[in-house]
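Below is one structure; the comments refer to it alone.
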Amino acid sequence: MSKKALVIGGGIAGINAAVELANNDKLVILVEKNGELGGNVNDMAATFPELDEAQPLLDEQKSKVEDNENIDIKFNSEVISVSGKAGDFKVEINEDGNTVAEEVGAIIVATGFNYMEPNDYSEYGYSRLDNVVTSQEYERMVMNGDIKKYSNSNVVFVHCVGSRDRVKGYRYCSKICCTYSAKHALLLKQEVPSANAFVFYIDIRALGKGYEEFIRDAIEDYGVRYIRGRVSKVINKEDTLLVKAENSLIGNPVELNADLVVLASAMEPQKDSKELAEILGIETDDYGFYKEAQSNMEPVKSSKEGIFLAGSCTAPLEIRESVAMGKAAASESLSFLG
Amino acid sequence: MLYKIGSDQKKNRILQKIKSSGNDNLNQCLQCYKCGGMCQKSDKFDYTPRQILEQIIDGLEESILNSRAIWICETCNECKIDCPVAINFKKIMASLREIAREEGIEPNTEEVNRKFVKKAHCPKKEDD
């Protein structure tokens with residue numbers, strides 16, 4: 001008899017894993033900690049490198065799960081214990097306050113990431129200054145039309161807030177902030193053509209198909225000004241913000257008045273990622289991202305047989321790669337589902 | 001030296017002049033540093049070509065027009081030939097010398113390319 005599969009996390013990676021399994025006539029239990037599917041993509045206005053609206057794309061993905069009779073979605077739920085072995089796991093789930101026991105053949109972990117709250121960056125004034133926001137907050141401002149009030153204004157985008165920072169953040173590069181900051185600047189220029197966009201960067205890491213061209217288009221066709229130098233300070237000055245940095249290309253300190261400052265905050269592991277790793281018996285790296293069985297050859301296998309990994313719970317990833325991992329994890333788990 | 005970035009490019013006189021003299025691809029510069037590495041004269045420059053370009057974009061007029069580099073440039077055109085986005089730096093340098101002369105700025109180096117001295121009274125005739 002065919003075994004059920006358990007997918008933990010209903011973001012874009014988990015959705016794709018669940019749909020792929022359901023399409024192969026497997027029964028899937030999808031555990032989602034929140035009251036809705038979609039995860040971090042719910043906070044996205046548009047995708048890159050094609051500027052498609054993110055919400056219609058996500059709705060299409062959600063409906064594939066919601067309309068699927070092979071998928072049992074458990075909202076407001078979390079996995080509380082796992083025992084047994086590959087092909088024969090016994091799982092306890094807290095479903096909205098009630099404990100439910102299930103037997104599954106394979107588990108796919110797709111718990112995603114968290115945007116770091118840059119509270120330690122007092123030099124940028126986050127949470128102290130009104131017009132200093134995170135990239136996640138900025139996406140919502142694009143969706144609800146709040147950015148429209150920045151006509152004829154200067155908007156500054158700050159790379160690497162919490163990434164590449166051993167002291168206040170993480171040593172790693174969050175990899176996609178370069179491209180999403182270009183997306184943010186482009187969205188500003190499209191929605192509010194009279195606004196000026198400035199991006200401060202250390203170096204530009206456009207690590208995907210079409211990303212380099214996407215960023216160059218922002219610079220060359222939309223006139224987004226890129227200045228090489230990490231922002232040093234954001235100071236409240238009368239009714240505006242003063243952004244201080246060094247233009248390292250000429251070696252001069254530089255200042256700029258800004259009306260809005262957007263911090264590209266790091267993508268970090270979920271706060272409870274290590275607790276879940278304990279429950280599942282899988283390894284994490286030092287940060288709390290889940291560790292692959294072999295980094296090049298086994299990107300979706302966890303350290304434990306029968307438990308697979310998908311999406312940004314393994315490292316900061318873009319949508320495209322999370323989708324691919326979700327489908328790959330589904331495919332590999334089939335051999336444990338009978 | 002600390003400088004402030006203005007948001008209005010129209011007020012950036014030097015950028016407008018450089019653009020109107022046929023250099024409209026300044027923002028394609030990748031800041032890859034190839035020009036500064038290959039230039040025969042760049043060890044005598046105060047700013048390498050890409051550094052001058054960055055200053056034009058931010059309108060640092062005084063610093064550019066008083067630089068040695070604009071007079072030392074050999075106009076060999078090698079930097080354009082090997083530039084990955086084909087920025088015509090020879091032409092940019094010619095425009096900068098022209099603007100400097102209009103402003104009454106004299107070369108501040110002994111290393112001036114002799115071609116420019118000869119043509120000092122007739123700057124318009126400088127080779128394109």
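The values are calculated or read from the model by the stated rules, or taken from the named source; none is laboratory data. None of these values were measured; they are calculated from a predicted model. Positions of Cβ are generated from backbone atoms using ideal geometry, with glycine treated the same way; all protein chains shown enter the neighbour counts. Note: areas computed on protein heavy atoms with side chains; ligands, DNA, RNA excluded. Shrake-Rupley method; radii C 1.70, N 1.55, O 1.52, S 1.80 Å.
Here A:Lys168 does not qualify as over 30 Å from A:Gly326 (Cβ atoms) and in contact with a helix residue (DSSP H, G or I) (Cβ under 9 Å, 6 or more places away or on another chain).
Of the helices (runs of 4 or more DSSP H) that lie entirely inside region B:2-84, those containing 2 or more residues that are more than 24 Å from A:Val254 (Cα to Cα), more than 9 Å from chain A (Cβ to nearest Cβ) and open to solvent by 20 Å² or more (accessible area, probe 1.4 Å) span B:34-38, B:78-82.
A:Asp217 fails exactly one of the following numbered conditions: (1) buried (at least 18 other Cβ atoms within 10 Å of the Cβ); (2) within 14 Å of chain B (Cβ to nearest Cβ). What is the number of that condition? Only one criterion in (1) buried (at least 18 other Cβ atoms within 10 Å of the Cβ); (2) within 14 Å of chain B (Cβ to nearest Cβ) is unmet by A:Asp217, namely (1).
Evaluating A:Ala185 against the criteria (1) in contact (Cβ under 8 Å) with a residue 40 or more places away in the chain; (2) in a helix (DSSP H, G or I); (3) crowded, with 23+ Cβ neighbours inside 10 Å leaves one unmet condition, (1). Can you name the strands (runs of 3 or more DSSP E) wholly within region A:72-174 that have at least 2 residues being over 22 Å from the mean Cα position of the chain (by Cα) and not assigned by TED's automatic domain parsing to the domain that holds A:Arg225? Answer list for region A:72-174: A:77-85, A:88-95, A:98-109.
The residues listed here are A:Met297, A:Met267; of these, the one that is open to solvent by 10 Å² or more (accessible area, probe 1.4 Å), farther than 25 Å from A:Val28 by Cα and among the hydrophobic types (A, V, I, L, M, F, W, C) is A:Met297.
The single condition among (1) at pLDDT 95 or above; (2) more than 23 Å from A:Ala324 (Cα to Cα) that A:Tyr115 does not meet is (2).
Can you pull out every residue in region A:281-294 that is touching a Ser or Thr at 6+ places or on another chain (Cβ under 9 Å) and open to solvent by 80 Å² or more (accessible area, probe 1.4 Å)? Passing the criteria: A:Glu283, A:Tyr287, A:Lys291. Scanning region B:46-84 for residues that are touching a Gly at 6+ places or on another chain (Cβ under 8 Å) and on the phi < 0 side of the Ramachandran plot returns B:Thr48, B:Pro49, B:Arg50, B:Gln51. Inspect all residues belonging to region A:323-336 and state whether any of them is in contact with a helix residue (DSSP H, G or I) (Cβ under 6 Å, 6 or more places away or on another chain), open to solvent by 50 Å² or more (accessible area, probe 1.4 Å), not β-branched (Val, Ile, Thr) and not assigned by TED's automatic domain parsing to the domain that holds A:Lys168. Yes, because at least one residue in region A:323-336 is in contact with a helix residue (DSSP H, G or I) (Cβ under 6 Å, 6 or more places away or on another chain), open to solvent by 50 Å² or more (accessible area, probe 1.4 Å), not β-branched (Val, Ile, Thr) and not assigned by TED's automatic domain parsing to the domain that holds A:Lys168.
Residue count for region A:8-52 under the criterion of being within 18 Å of the chain's Cα centre (by Cα) and open to solvent by less than 50 Å² (accessible area, probe 1.4 Å): the result is 24. In region B:85-101, the condition of being loosely packed, with under 14 Cβ neighbours inside 10 Å and of a type in the set (D, E, K, R) is met by no residue. Scanning region A:294-338 for residues that are farther than 21 Å from A:Gly84 by Cα and of a type in the set (Lys, Arg), we see that the one that is farthest from the chain's Cα centre (by Cα) is A:Lys327.
Per this entry, A:Ser232 is counted among residues that are open to solvent by 60 Å² or more (accessible area, probe 1.4 Å) and at pLDDT 95 or above.
Flag: A:Gly229 matches the condition of being without any contact (Cβ under 8 Å) to a residue 40 or more places away in the chain and away from chain B (no Cβ under 11 Å).
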